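Heads up: the structure comes next, in structure tokens.
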Amino acid sequence: MEPKIITTEAFYQNLGKLFYAIAFADKRVRDEEFSKLQLCVLEYWLDYDDLLDTFGSDASFLIEIVFEGVEAFEEPADSMYDAFVTYKREQPHLFTEKANKLILETASAIARSFSGLNKSELVMLGKLKLELERS
């Protein structure tokens, strides 16, 4: 039996920042990218753990909420990516092999959702892969 995964709301909030950074790498978030994020939350993150937010909803929906929030304020992609990396380095125990695999799958799906990958998305995905492989 797999050990129970324990995360926090901050884990999902920072994933929202990261996935926004991937979508906004080319300075624009497209509807297809957000739709793909929503699908990934349902397919990958909803069953990741049993954490509920303060309203009793599955905490994985915080990914979408934060994504939309930083999009509304047009936060720079690099700033949101850096916030994710800072959090990851402060909480390395949350970034298991399973989590890292789901993060890369989600980020790749978002980047590919509109006309394939562009240069800025490729660069950010490459940086993310290296960061997740870092101990």
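Since every read-out is calculated from the coordinates, none of them should be taken as a lab result. None of these values were measured; they are calculated from a predicted model. With ideal geometry, Cβ positions are generated from the backbone for all residues, glycine too; neighbour counts draw on all protein chains shown.
The modelled label-to-label distance between Thr8 and Glu133, using points 7 Å beyond Cα along the C-beta direction, is 2.9 nm.
Region 61-135 and region 1-58 have Cα centres spaced 10 Å apart. Can you give me the angle between helix 119-133 and the longest principal axis of the chain, using Cα atoms only, in degrees from 0 to 90, rounded to the nearest 10? The angle comes out at about 30 degrees. For region 9-133, the relative contact order comes to 42 percent (Cα pairs under 8 Å, sequence separation of at least 6). Length available on full extension from Asp53 to Ser35: 0.36 nm per residue minus the Cα-Cα distance, which gives 4.3 nm.
Taking only the C-alpha atoms of the chain, the Rg (one decimal) and the largest Cα-Cα distance, Dmax (whole number), read 13.8, 43 Å. The charge dipole of the chain, taken about the Cα centre with unit charges on the Cβ atoms of Lys, Arg (+1) and Asp, Glu (-1), comes to about 560 debye, rounded to the nearest 20. Fully extending the segment from Asn118 to Phe73, taken as 0.36 nm per residue of separation minus the present Cα-Cα distance, adds 13.8 nm.
If I take R0 = 25 Å and measure r between the Cβ atoms of Arg28 and Asn100 in this structure, what FRET efficiency does the formula 1/(1 + (r/R0)^6) give, to the nearest 0.05?
So the FRET efficiency works out to roughly 0.40.
Annotation note: GluC sites (Glu not before Pro) in region 74-131 located in DSSP loop regions with a Cβ neighbour count of at most 15 within 10 Å are Glu74.
Gyration tensor over the Cα atoms of region 15-90: the corresponding equivalent ellipsoid has semi-axes (square roots of 5 times the eigenvalues, largest first) of 21, 15, 11 Å. For the chain, lysine pairs separated by 8 or more sequence positions, or belonging to different chains, with Cα-Cα distances below 19 Å total 22.
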